[in-house]
Amino acid sequence: MDVTMNVYYEEDGETGQQIPVWILLHDAKGADWSKTLYVRLNGPFEAHGLDEWDEDLLALSVPDHVYVRHPKNQALVGLHLPTLRAYVERQTSIATEPIGILDIDRLLLRISDVEDVLQYNVRTLLPRHLAGER
């Protein structure tokens with residue numbers, strides 16, 4: 001499955017440089033929710049500032065317990081979709097306006113979660129010309 005990605009940057013308060021904070025995956029509706037989805041973290045990306053975030057955009061923030069390592073390639077991050085599906089089903093069972101798993105088209109990955117859980121340095125995998133520039 002091909003997904004398109006956007007990276008959202010914000011300014012570091014100490015250095016003033018733009019640092020990547022979120023990765024937004026588009027086209028998740030075609031995912032096979034019974035498998036692990038691997039995402040290549042070395043691009044291509046379209047860079048955006050947080051001020052460009054579309055507030056009307058429905059996106060699911062991926063919880064940290066869903067991330068898995070690829071056994072051979074550090075540039076790939078896995079999202080264990082059966083675990084994500086169970087998480088969504090638990091959360092929507094108590095929601096006033098539940099959504100179905102097939103309604104989810106965008107997934108939001110917090111870069112710090114990926115780095116913490118998988119012990120990856122994602123920022124080194126992002127294209128150099130995007131890190132710090134927009």
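Sort out which residues of the stretch 1-18 are surrounded by fewer than 15 Cβ atoms within 10 Å (Cβ to Cβ) and either part of a loop (DSSP other than H, G, I, E, B) or touching a residue at least 24 places away in the same chain (Cβ under 8 Å) (or both), and write them in order of number. Before you say what the answer is, go through the steps one by one.
At the first step, the residues of the stretch 1-18 found to be surrounded by fewer than 15 Cβ atoms within 10 Å (Cβ to Cβ) are 1-2, 4, 10-17.
Across the stretch 1-18, the qualifying residues are Met1, Asp2, Thr4, Glu10, Asp12, Gly13, Glu14, Thr15, Gly16, Gln17.
For the stretch 99-134, enumerate the residues that are modelled with pLDDT of 65 or more and in a loop (DSSP other than H, G, I, E, B).
Result: Ile99, Gly100, Ile104, Asp105, Arg106, Gln119, Tyr120, Asn121.
Can you work out which of the residues in the stretch 22-43 that are at pLDDT below 85 and not polar (S, T, N, Q) is farthest from Val66 (Cα to Cα)?
Narrowing the stretch 22-43 to residues at pLDDT below 85: 26-30, 40-43.
Of the ones still in play, those that are also not polar (S, T, N, Q) are 26-30, 40-41, 43.
Details: His26: 18, Asp27: 18, Ala28: 15, Lys29: 17, Gly30: 18, Arg40: 16, Leu41: 16, Gly43: 21 Å.
Taking the candidates together, the pick is Gly43.
The values are calculated or read from the model by the stated rules, or taken from the named source; none is laboratory data. These numbers were taken from a predicted model, which means no experiment stands behind them. Neighbour counts run over all protein chains shown; Cβ positions are idealised from the backbone, glycine included.
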